[in-house]
Amino acid sequence: MTGHVLIVEDNRALAENLAELFTDSGAHVTVCGSGAEALTAGQGAGLAIVDVRLPDTTGVALLPRLREMMPGGEVILMTGDASLATAIAAVREGVFAYVQKPFAPADLLALGVRALAQVQLRRERERLAGELAVSERLYRGVVESVESLIVGLDREGAIRMWNRCAAQITGWSQEELLGRPFIDAVITPDQRARCQVGLQQAWRERRLLEHEFTVLARDGRHHTVRWSAASMATEGEAMELLLLVGNDVTERLALEKRAADAEAMSSLATLTAGLAHEIRNPLNAALLQLELLGRIGSRVADASQRERIGECARLVQSEIRRLSRLLEEFLSLARPRTLERYPVDVRALLDYVATMQRPLAELAHIALQVSVPDGLPRVLGDQPKLTQVLINLVVNAIDSMREASTRGTIELVGELVGELVGELVDQRVRIRVLDTGPGIDEQVAKDIFRPFVSTKEMGTGLGLSIAKRIIDQHGGTVELGPRPGGGTIASVTLQTVPAAACE
């Protein structure tokens with residue numbers, strides 16, 4: 001037997017006998033002759049053996065105070081004058097046993113052993129529960145503080161765990177998603193079937209897997225997340241979870257793409273320099289010889305032969321000039337350009353572009369309109385370069401509407417947009433070119449800014465690549481996509497200039 005036994009008995013001889021009995025069994029014993037003495041000396045005891053009648057109180061009245069000083073402990077009441085009222089009071093107070101004097105020492109010892117064993121079991125359970133609570137708080141702290149999405153799914157695919165990082169990236173709180181199907185709630189529709197196959201494989205093979213699935217955030221933005229999955233059992237197999245750990249790699253993939261584009265541009269610059277050297281001289285020589293051929297042909301007596309020679313010469317000259325323009329576009333795309341950045345008035349910029357392109361639009365029966373709100377901040381940029389970009393976008397819109405024999409409108413719209421960054425609002429100006437033409441396929445729109453991608457039959461596929469390079473140098477963004485209801489939207493976003501800087 002181990003434990004601390006408190007004996008509260010005013011009969012000194014009986015108390016000493018009981019103390020000897022429990023001490024011989026291995027317990028630590030404290031003997032008190034009164035209730036007041038017991039409240040002083042019995043702190044933390046596991047078992048109290050208390051006489052009902054004490055000099056200063058009764059054992060029943062002492063019980064609540066003993067409970068406070070002996071958390072988790074047990075009490076055995078002894079009495080030499082048993083009564084029904086005392087027995088009922090003892091039961092109400094939850095004593096371990098109610099013993100009537102005289103009693104067999106072996107029986108009391110057996111009761112004491114059982115009581116201490118129960119106390120030890122209870123205290124061990126409380127200790128383990130405390131350790132479990134600490135471990136759970138630590139686990140939850142790690143789960144909530146880690147900068148990765150952590151999601152727990154049950155066998156039905158419902159969300160049972162959703163950490164802080166997952167809530168921040170997606171905009172969906174844990175309360176909103178608990179119990180909802182993971183695939184239907186956050187995975188983009190085009191990847192749900194593949195995600196379902198991946199989750200089934202994770203459950204079946206119970207091993208670490210890696211997949212990239214796109215998560216649809218609450219605000220409509222897409223995040224590419226690289227997921228790893230592991231099976232996890234909790235509460236003795238009562239509930240088994242599939243634990244998903246995801247890292248948002250959207251920005252990393254974008255950086256990798258920009259790095260690949262930069263490397264491609266660097267290679268293109270080297271290629272272009274060589275092409276320019278090797279091609280320009282032959283082109284100039286060919287143009288000169290064609291000019292001489294045209295003059296010689298103009299002196300041919302036969303009118304039909306003269307016209308035929310002249311037509312052939314003009315056709316070849318046209319193709320050579322097209323090759324020369326292509327070479328110039330190569331150079332514009334590949335050569336690094338130094339920008340002269342200063343405040344640019346967006347209304348003046350759009351008005352100038354509209355004035356320049358309105359005659360071409362009117363020939364195609366297209367109305368060209370400008371819409372800019374008053375007080376729109378200026379943007380930081382190189383006005384000639386921005387003009388080049390916008391003219392390219394407007395000409396593309398005109399060409400697409402003309403090729404589709406579509407009459408309609410092209411709008412040049414300037415507007416202020418803002419994105420919350422921490423506690424600050426990052427304000428930018430967005431310039432949109434909206435047409436009512438045939439539109440553009442979403443897949444084509446994703447690749448349209450890559451070199452040599454064009455929707456025009458005679459296009460070089462370099463104009464939009466040059467436009468993107470210019471906007472990238474400005475620290476802005478340029479996008480192209482279908483317009484709801486029909487048509488195409490080209491969007492350019494640029495940094496604003498504070499009013500004080502403009503002054």
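The values are calculated or read from the model by the stated rules, or taken from the named source; none is laboratory data. If you're wondering where the values come from, they're calculated on a predicted model, not measured in any experiment. Glycine gets a Cβ as well: all are built from the backbone with ideal geometry, and neighbour counts include every protein chain shown. The protein model used for the area step is the full one, side chains on, heavy atoms only, and it has no ligands, DNA or RNA in it. Shrake-Rupley method; radii C 1.70, N 1.55, O 1.52, S 1.80 Å.
Brief remarks on what is shown
- Per the listing ALA264, ALA286, ALA313, ALA238, the residue uniquely at pLDDT below 75 and either in contact with a Pro (Cβ under 7 Å, 6 or more places away or on another chain) or open to solvent by less than 60 Å² (accessible area, probe 1.4 Å) (or both) is ALA264.
- Inspection of the range 174-191 identifies no residue that is under 12 Å from the mean Cα position of the chain (by Cα), among the basic types (Lys, Arg), modelled with pLDDT of 85 or more and closer than 16 Å to GLY152 by Cα.
- Test: residue in the range 104-117 that is open to solvent by 30 Å² or more (accessible area, probe 1.4 Å), in contact (Cβ under 8 Å) with a residue 24 or more places away in the chain, out of contact with any His (no Cβ under 7 Å at 6 or more places or on another chain) and in a strand (DSSP E or B): no
- For the condition within 21 Å of PRO105 (Cα to Cα), in contact (Cβ under 8 Å) with a residue 12 or more places away in the chain and open to solvent by less than 10 Å² (accessible area, probe 1.4 Å), VAL75 qualifies.
- Residue within the range 334-345 that is closer than 30 Å to ARG378 by Cα, hydrophobic (A, V, I, L, M, F, W, C), surrounded by 12 or more Cβ atoms within 10 Å (Cβ to Cβ) and modelled with pLDDT of 80 or more present: yes
- Of all residues in the range 82-103, those being acidic (Asp, Glu) and without any contact (Cβ under 8 Å) to a residue 24 or more places away in the chain number 0.
- Scanning the range 193-205 for residues that are open to solvent by less than 30 Å² (accessible area, probe 1.4 Å) and not aliphatic (A, V, I, L, M), we see that the one that is farthest from VAL215 (Cα to Cα) is GLY198.
- Within the range 363-377, the set of residues being part of a strand (DSSP E or B) and over 14 Å from ASP399 (Cα atoms) comprises GLN369, VAL370, SER371.
- Residue-level check: of (1) within 16 Å of ASN247 (Cα to Cα); (2) open to solvent by less than 90 Å² (accessible area, probe 1.4 Å), GLU210 misses just (2).
- Looking only at the range 1-50, and only at residues there that are among the polar types (S, T, N, Q) and assigned to a helix (DSSP H, G or I), the one that is modelled with the lowest pLDDT: THR40
- Residues of the range 16-34 that are in contact with a strand residue (DSSP E or B) (Cβ under 6 Å, 6 or more places away or on another chain) and among the hydroxyl-bearing types (Ser, Thr, Tyr): THR23, THR30.
- Against the numbered list (1) over 17 Å from THR2 (Cβ atoms); (2) touching a strand residue (DSSP E or B) at 6+ places or on another chain (Cβ under 7 Å); (3) not in a helix (DSSP H, G or I), LEU62 comes up short only at (3).
- Looking across the range 393-407 at every residue that is among the small types (Gly, Ala, Ser) and within 41 Å of the chain's Cα centre (by Cα), the one that is least open to solvent (accessible area, probe 1.4 Å) is identified as ALA397.
- Of the criteria (1) part of a strand (DSSP E or B); (2) out of contact with any Leu (no Cβ under 7 Å at 6 or more places or on another chain); (3) at pLDDT 90 or above, which one GLY418 fails: (3)
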